[in-house]
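K.L.:
Here it is, the structure, as structure tokens.
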Amino acid sequence: ADQVTVGNRYLQEYALQFNSRVTIIPTTIDMVNVHNKSTNQHPQEIIIGWTGSHTTMEYLPSLLPVLKELEKKFNFKFRVISNHPPEFELDSLEFVKWNKKTEISDLAEINIGVMPLENTIWAQGKCGFKGLKYMALQIPSVMSNVGVNNEIIEDKVNGFICKTNDDWYHVLSSLMSDAKLRTEIGQKGQKTVKNNYSVEANKHKYISLFQ
């Protein structure tokens with residue numbers, strides 16, 4: 001290949017074994033035509049949400065103990081947007097089947113977005129698309145301490161990084177209790193996407209590949 005493009009440094013290091021011309025272009029979000037809404041952070045009921053295909057749903061069970069503890073203290077929905085319903089049970093669970101026409105509207109109703117991962121080789125290669133989609137819609141993103149997540153998120157500034165179940169419980173509790181915090185983190189997250197991960201921010205990188 002004359003040129004290889006990858007989404008993060010982990011993939012770049014791997015590709016460099018085979019080709020010296022490797023360019024990092026991060027996951028790119030279209031904030032004009034697609035991710036162009038903002039969530040309402042003053043709803044009647046808080047929605048914690050996750051979106052993804054059934055292939056990444058394997059990471060969700062790790063959050064179940066945290067969500068069950070939160071159910072004892074808060075009234076909320078845990079919305080899963082996917083092509084298949086989850087196989088676990090949760091009192092707060094709300095399944096929304098993924099639909100191209102309603103994808104952004106369904107996602108924009110979420111107040112807090114979660115992206116749990118396990119620290120595996122596969123997860124190291126992931127490029128944070130889930131978290132970036134949340135952030136583009138001003139949804140505060142809570143992500144596992146894995147891979148490129150640590151580059152996207154400045155902890156407690158434009159989102160949150162969690163290492164343990166205690167971290168997850170504390171962060172989600174704080175966000176559910178504080179609309180102002182959700183709004184501030186959401187706005188900073190959206191700004192991060194606009195400046196670093198939007199089509200506009202990365203268009204010259206794409207163009208340069210063909211020059």
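K.L.:
I'd like to check which strands (runs of 3 or more DSSP E) are fully inside the range 1-57 and have at least 2 residues that are among the basic types (Lys, Arg) and within 23 Å of the chain's Cα centre (by Cα).
P.N.:
Output list is empty.
K.L.:
Further, regarding this structure: Can you find a residue that is part of a loop (DSSP other than H, G, I, E, B), more than 27 Å from Lys205 (Cβ to Cβ) and modelled with pLDDT of 95 or more anywhere in the range 64-73?
P.N.:
yes
K.L.:
Among the candidates Glu103, Glu13, single out the residue that is of a type outside the set (A, V, I, L, M, F, W, C) and open to solvent by 80 Å² or more (accessible area, probe 1.4 Å).
P.N.:
Glu13
K.L.:
For the range 180-195, enumerate the residues that are surrounded by fewer than 19 Cβ atoms within 10 Å (Cβ to Cβ) and either free of Cβ contacts under 8 Å to residues at least 12 places away in the same chain or in contact with a strand residue (DSSP E or B) (Cβ under 9 Å, 6 or more places away or on another chain) (or both).
P.N.:
Result: Lys180, Glu184, Lys188, Lys194, Asn195.
K.L.:
Same structure again: Within the group Ser173, Ser198, Ser144, which residue is open to solvent by less than 40 Å² (accessible area, probe 1.4 Å) and farther than 28 Å from Glu45 by Cβ?
P.N.:
Only one candidate qualifies: Ser198.
K.L.:
Cβ-Cβ under 7 Å, sequence separation 6+ or interchain: first residue in the range 28-49 and without any contact (Cβ under 8 Å) to a residue 60 or more places away in the chain, partner charged (D, E, K, R) and open to solvent by 50 Å² or more (accessible area, probe 1.4 Å). Which pairs?
P.N.:
Glu45/Lys77
K.L.:
Can you tell me which residue is nearest to Asp178 (Cα to Cα) among those in the range 106-124 that are β-branched (Val, Ile, Thr) and surrounded by 13 or more Cβ atoms within 10 Å (Cβ to Cβ)?
P.N.:
So the residue we want is Ile112.
K.L.:
Quick one: is Phe88 of a type in the set (Phe, Trp, Tyr) and surrounded by 15 or more Cβ atoms within 10 Å (Cβ to Cβ)?
P.N.:
no
K.L.:
Taking the range 67-83 as the region of interest, how many residues are under 15 Å from Ile47 (Cα atoms), within 18 Å of the chain's Cα centre (by Cα) and open to solvent by less than 60 Å² (accessible area, probe 1.4 Å)?
P.N.:
5
The values are calculated or read from the model by the stated rules, or taken from the named source; none is laboratory data. Everything quoted here is computed from the prediction, not taken from an experiment. Methodologically, a virtual Cβ is constructed for each residue, glycine included, from the backbone with ideal geometry; neighbour enumeration extends over all protein chains shown. All accessible areas refer to the heavy atoms of the entire protein, side chains included, with ligands and DNA or RNA removed. Shrake-Rupley method; radii C 1.70, N 1.55, O 1.52, S 1.80 Å.
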